[in-house]
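Structure, as C-alpha cells:
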Amino acid sequence: MVCAQVETSPRRCWQKVLYERQPFPDNYVDQRFLEELRKNIHARQYQYWAVVFESGAVVQQLCSVCVFVVTWWYMDAGVLSPQGLFGAALASSLLGYVLFDAIDAGVGRRESGRTRWADLKSTLVFIAFTYGFSPVLKTLTESISTDTIYAMSVFMLLGHLIFFDYGANAAIVSSTLSLNMAIFASVCLASRLPRSLHAFVMVTFAMQIFALWPMLQKKLKARTPRCYVAVTMLFALAALAGLASVSSVGAVLFASLLLSISCLCPYCLIRLQQLKDNIHGPWDEAEIKEDLSRFLT
C-alpha cells in the first residue's frame, strides 16, 4: 500500500469502498490507514519452565527408543536372556497397571466401563497370538539383508518419533501410525535374534514400552506433575546408563541431545518469541463471523 498525494476538493473525502467512483488513485489511502495496525494480537507468551515441562514428552519418547534399542542389543549379544526380559517386563507391567488405576482412584476405569477381566482377556489373547506367530516373525525377513533390516528399523523408529502424539494439535500427529511404525521396527529387529522365543519377547516388550508406557506417562502428567518430572528424570538416567554400557560416545551424544531438547530448545523458543512481529490491520482477509450452521441443515 502506498499513500499518494492527491489534490482533491475539500468537500469530497476518501472512503474505503470498492464500487464507487472517487477522484483518487486505486492505491490511495488516507492517514487513518495505519491507525488500525495491531501487532501480535494472537501471540502466546511462554514461560521457560512450563516449556521445559512440556518437553518431557519428547525426552520420554527418545528414552523409550533408546531403551528398546539397547535391550535388543543385549539380547542379540546374549547378555540378556528372553526369560529374564519377559519376567522383568511382566513385573513392571503389573506394577504399572496398579499405578494406572491408583493415580485417579479408578475414576477413569469407571468412566470407560472397562473391567479388569476384559483387560486380562485382551492381554492373554495378545500373548497367545504373538507367541503362536513368533516362528513366522523370526523367519519373515530372512530373504532381506541385515543392512536393509537395520536401515528400515532406523527409518521406522524415526517415523515413530515424528508422528507420535506429544500433545500438539497438528495434522502430522497420528498415534496409530506412530505405534505401527514402532511395532514394525521391533518385528524387523526381532527377526535378527537367535530364536523364536527372542522374537516373541522382543515384540511383547515393544508393545509395552511403545503402547502402554506412554499411557501411564500421560496420566502421570495430567494428575501428578511432580511425579511425572521425577519419573522422566529417572527414566532418562536409566536410558543413559544402559547406553553407556554399550557405547560411552553414544551416551555422551544422547545426553547432549536430551539437554538440548529439554533446556536449550525452550530457551531459544522464548528468545525467538520476543522477536515475533505479526501485523494485523484492514488489509487482512475478510472473516465471516456470522453463524452459518443454519444453512447446512
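One table, with the values for the structure above:
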{"read-out": "Ranked order, V246, V125, V59 - accessible area, probe 1.4 Å, largest first", "value": "V125, V246, V59"}
{"read-out": "Exposure ranking of M75, M207 by accessible area [1.4 Å probe, largest first]", "value": "M207, M75"}
{"read-out": "Accessible surface, the chain, averaged per residue in Å² (probe 1.4 Å)", "value": "65 Å²"}
{"read-out": "Accessible area (Å², 1.4 Å probe, nearest 10) - E142", "value": "130 Å²"}
{"read-out": "Heavy atoms of K218: accessible area, 1.4 Å probe, square angstrom to 10", "value": "100 Å²"}
{"read-out": "(i) 18.4, 58; (ii) 20.8, 72; (iii) 28.3, 94, with the label sought being that of the calculated Rg and Dmax of the Cα atoms in Å", "value": "(iii)"}
{"read-out": "Between helix 175-190 and the chain: long-axis angle, C-alpha atoms, 0 to 90°, nearest 10", "value": "30 degrees"}
{"read-out": "Helical mean residue ellipticity (222 nm; -39500 (n - 2.57) per DSSP H run of 4+; nearest 500) of the chain", "value": "-19500 deg cm²/dmol"}
{"read-out": "Gain on full stretching of the segment that runs from R116 to D147 - 0.36 nm per residue minus C-alpha separation", "value": "6.9 nm"}
{"read-out": "Karplus 3J(HN,Hα) series, Hz, for the range 153-170 with 6.51 cos²θ - 1.76 cosθ + 1.60 (x for Gly, Pro)", "value": "5, 4, 5, 5, 5, 5, x, 4, 5, 6, 8, 5, 7, 8, x, 8, 8, 9"}
{"read-out": "Virtual spin-label span in nm between T139 and C265, 7 Å along Cα→Cβ", "value": "4.3 nm"}
{"read-out": "Whole-percent carbon and sulfur share, accessible surface of the range 28-179, 1.4 Å", "value": "66 percent"}
{"read-out": "Charged-residue dipole, Cβ positions (Lys, Arg, Asp, Glu), the range 58-273 about Cα centre, Debye nearest 20", "value": "520 debye"}
{"read-out": "Accessible area, probe 1.4 Å, largest first, for residues V136, V203", "value": "V136, V203"}
{"read-out": "Spin-label pair A77/R223, simplified geometry with 7 Å Cα→Cβ offset, distance in nm", "value": "3.7 nm"}
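The values are calculated or read from the model by the stated rules, or taken from the named source; none is laboratory data. Computed from a prediction, not measured in an experiment: that's the story for all the values here. Positions of Cβ are backbone-derived with ideal geometry, glycine not excepted, and every protein chain shown enters the neighbour counts. Just so you know, the surface numbers come from the protein's heavy atoms only, side chains and all, with ligands and any DNA or RNA stripped out. Shrake-Rupley method; radii C 1.70, N 1.55, O 1.52, S 1.80 Å.
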